[in-house]
Amino acid sequence: MNAADLVIPLIAALIVLTGLIKKVNVFDEFIEGAKENLQTSVSLLPSLIALVTAIGLFKASGLPEVIAAAMSPLTNALGFPSECIPLALIRPISGSGALAVFDGILRDCHPDSYAGRVASVLMGSTETTFYTIAVYFAAVKAKDTRHTLPSALAGDITGFIVSAISVRLLFGIC
């Protein structure tokens, strides 16, 4: 038996033991927490449905490919592989959509290619910004995202640029 196999049972035992020591009904507290999480999930559902619908419309419209074609001369001059432009466009919007685009890049270009490496770093260094903002702001019932969206998108753009730079530096690609 591996020590890692004991981590979850030990944590559960520690929670129950702490509850016994502090005279807290652990089961009732668990049920109350589960009820609150279910209520939060239900309140987030409209935002998630709207977001998933918008993502589907964006991808089905073919707009990512049109934008990628228009940006290709600029990104090529900057050393960002044109194969990764659709990934950079989809990643802030949809994790599953980005995963599908990423899979296509790895299939078409090979994982050890420049585009494959940049896509891998990009996937690990960026976030599904719109999804995250929608979920967190809906959870706290905030209406004004104020500087959150511009700041998060600036972070994503930085991640896109630095992914290409880091692959070039780490693998000696000039």
Subtracting the Cα-Cα distance from 0.36 nm times the residue separation, let me have the gained length for LEU57 to ALA77 in nm, one decimal. 4.2 nm
Please compute the length gained on full extension between ASP112 and THR148, using 0.36 nm multiplied by the number of residues separating them and subtracting their Cα-Cα distance. 9.5 nm
Any idea which of TYR136, ALA119, PHE160 is furthest toward the positive side of the dipole for segment 45-171, if Lys and Arg beta-carbons carry +1 and Asp and Glu beta-carbons -1? TYR136
Within 13 Å, Cβ to Cβ, of LEU122, how many net charges do the neighbouring residues add up to if Lys/Arg are +1 and Asp/Glu are -1? -1
Ranked by GNM mean-square fluctuation in the chain (Cα springs under 10 Å), the top entry among GLU127, GLU36, GLU83 is GLU36
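Read-outs throughout are calculated quantities, based only on the coordinates presented, and are distinct from any laboratory measurement. Given the structure is predicted, the values throughout are model-derived calculations rather than measurements. All Cβ positions, glycine included, derive from the backbone under ideal geometry; neighbour counts span all protein chains shown.
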